[in-house]
1. Within a Cβ distance under 15 Å of K8, other residues only, what is the Lys/Arg minus Asp/Glu net charge?
2. Local charge sum around E32 (other residues, Cβ-Cβ under 9 Å, Lys/Arg +1, Asp/Glu -1)?
3. Among the GluC sites (Glu not before Pro) within the stretch 1-53, which fall in a DSSP loop and have no more than 12 other Cβ atoms within 10 Å of their own Cβ?
4. Tell me, what is the percent relative contact order of the chain, built from C-alpha pairs under 8 Å that lie six or more residues apart?
5. Which label belongs to the value computed from this structure, given these candidates for semi-axes √(5λ) of the Cα gyration tensor in Å: [x] 28, 16, 10; [y] 21, 16, 12; [z] 37, 14, 8?
6. If the only charges are +1 at each Lys and Arg Cβ and -1 at each Asp and Glu Cβ, what is the size of the charge dipole of the stretch 9-95 around the Cα centre, to the nearest 20 debye?
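Rule-based calculations on the coordinates, nothing more; no lab input. All of these numbers come straight from a predicted model, not from anything done at the bench. Cβ placement follows ideal geometry from the backbone for every residue including glycine, while neighbour counts extend to all protein chains displayed.
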Amino acid sequence: MAVGIRLKFDGGTQENYDAAHAVMATKTDPPEGMIVHSAGPADGGWGVIDFWESRDAFDRFVGERLMPRLQGLGDRGFPNPPDVKEFPVHNLETP
C-alpha cells in the first residue's frame, strides 16, 4: 500500500531545495518506489510531499541516496533536518 511522506525543513529556502534536488538526480535516475514528488514553500521553511510504494522504499532512498548526497552540500543545503510525517494513502490517482 502506498504511503504519503511529508517533510518540513524549518528555515529552508527554494535555493536550499534546488541545490538538494540537483544532486538527487531523480529525473534521470528515478528512485525505486517513488510515485510522486512535490515541493514548495511552507510556513517558516520548505516542504516536500512525496508518495512512495512503501515506507521501506522511502527509507532506502533516504539511507542510500538522500543523506549521503545532502552531506556534500555544506551550507548550500537545508539548515535543519526535516520534520518527517508519514500518512496512509486511501486513494492516489495519477493521469
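1. Working: positive: R6, K85; negative: D10, D43, D50, D83, E86.
That sum, taken over residues with Cβ under 15 Å, equals -3.
2. Working: positive: R60; negative: E53.
Counting the neighbours of E32, the net charge comes to 0.
3. Details: sites: E15, E32, E53; in loops: E32, E53.
When the GluC sites (Glu not before Pro) of the stretch 1-53 are filtered for loop state and at most 12 Cβ neighbours within 10 Å, E32 remain.
4. Details: 150 pairs, mean separation 45.5, N = 95.
RCO, the chain: 48 percent.
5. [y]
6. Working: 7 positive and 15 negative charges, 37 e Å.
Dipole about the Cα centre, nearest 20: 180 debye.
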